[in-house]
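Just below is one structure, and these are the notes that go with it.
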Amino acid sequence: MGFPAFFAQVPSIVLRDRLADFLGAAAGGLIEYGYADAVRLAGHSCPTVAGSYLLSHRALRALHGDETPLRGEIAVDFRAAADAGVSGVMATVVGLLTGAAGAGGFKGLAGRFVRRDLLRFAQDLPGDIRFRRLDNGRSVTATRQLAPVPADPRLPSLLQRLLAGDDDPDTRRLFASLWQDRVRRILVDHFDDPRLVVLA
């Protein structure tokens, strides 16, 4: 598959999913997720997908420390409404890594492994997204700030030209290259940059 090479440089995260273990889908319930998985689910790679992956990665690490995070056992609240801005895209990536789902999520087996209604929107929060462990109630609120990794100044005009119907292959290639370069800088050059995700 033709993903950009830098996808493989982005740190992955190993999660333990007790439902996957119970159903024999993964030995010990251990599943490794990388940025390419988020791209496959979202269908594209952009700063929003990248920022959501980074934010979730940081929040899960903050909640679990050296322990393996428990996928499916984390409730997630968004400050924004589901249809506001890029909330839907962010929720797709956050849901992938946490297992949290809205009203249409897995209803569980005899009261176990419930994923339904673990994802809520329009909540009163001091930050963008709150992650809460179901086992001990510990929570962390995360806010993404991607301004420290600015887009190339040529991108807006290139995007306008393409959306207006410019079909020049060189224009398309330059736009795609510059677009993914910002994603690369977010997820590779600045993966540990504390300015990009504020935790509280």
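The values are calculated or read from the model by the stated rules, or taken from the named source; none is laboratory data. A quick note: this is a predicted structure, and the numbers were derived from the prediction, not measured. All Cβ positions, glycine included, derive from the backbone under ideal geometry; neighbour counts span all protein chains shown. Note: areas computed on protein heavy atoms with side chains; ligands, DNA, RNA excluded. Shrake-Rupley method; radii C 1.70, N 1.55, O 1.52, S 1.80 Å.
Observations on the model:
- Hits in region 113-134 - residues which are assigned to a loop (DSSP other than H, G, I, E, B) and touching a strand residue (DSSP E or B) at 6+ places or on another chain (Cβ under 7 Å): 118, 121, 123, 125, 126, 127, 128, 134
- Close pairs from region 26-50: first within 28 Å of residue 177 (Cα to Cα), partner charged (D, E, K, R), Cβ under 7 Å, at least 6 apart: 47/182
- Meets criteria (open to solvent by 50 Å² or more (accessible area, probe 1.4 Å) and under 20 Å from residue 55 (Cβ atoms)) for residue 121: yes
- Scanning region 1-19 for residues that are in a helix (DSSP H, G or I) and either at pLDDT below 95 or surrounded by 19 or more Cβ atoms within 10 Å (Cβ to Cβ) (or both) yields 7, 19.
- Taking (1) over 25 Å from residue 136 (Cβ atoms); (2) open to solvent by 80 Å² or more (accessible area, probe 1.4 Å); (3) among the aromatic types (Phe, Trp, Tyr) in turn, residue 22 satisfies each apart from (1).
- For region 171-193, the condition of being open to solvent by less than 50 Å² (accessible area, probe 1.4 Å), of a type in the set (Asp, Glu) and at pLDDT 95 or above holds for at least one residue.
- Residues in region 25-45 that are open to solvent by 60 Å² or more (accessible area, probe 1.4 Å) and either part of a loop (DSSP other than H, G, I, E, B) or polar (S, T, N, Q) (or both) were compared, and the one that is farthest from residue 57 (Cα to Cα) is 25.
- Any hit, region 47-61, residues being at pLDDT below 95 and either over 15 Å from the mean Cα position of the chain (by Cα) or closer than 17 Å to residue 33 by Cβ (or both): no
So that you can scan it fast, the table gives a plain yes or no per residue for (1) without any contact (Cβ under 8 Å) to a residue 60 or more places away in the chain; (2) touching a strand residue (DSSP E or B) at 6+ places or on another chain (Cβ under 6 Å):
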| position | (1), (2) |
| --- | --- |
| 4 | no, no |
| 8 | yes, no |
| 18 | no, no |
| 53 | no, no |
| 63 | no, yes |
| 71 | yes, yes |
| 75 | yes, yes |
| 79 | yes, no |
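- Residue 111 fulfils the conditions (1) open to solvent by less than 80 Å² (accessible area, probe 1.4 Å); (2) at pLDDT 95 or above except for a single criterion, (2).
- Boolean, residue 144 is in contact (Cβ under 8 Å) with a residue 60 or more places away in the chain and open to solvent by less than 70 Å² (accessible area, probe 1.4 Å): yes
- Checked against (1) under 17 Å from the mean Cα position of the chain (by Cα); (2) farther than 20 Å from residue 128 by Cβ; (3) assigned to a loop (DSSP other than H, G, I, E, B), residue 80 meets all criteria but (2).
- Condition met for residue 97 (outside any loop (DSSP other than H, G, I, E, B), over 30 Å from residue 175 (Cα atoms), touching a Phe, Trp or Tyr at 6+ places or on another chain (Cβ under 7 Å) and open to solvent by less than 20 Å² (accessible area, probe 1.4 Å)): no
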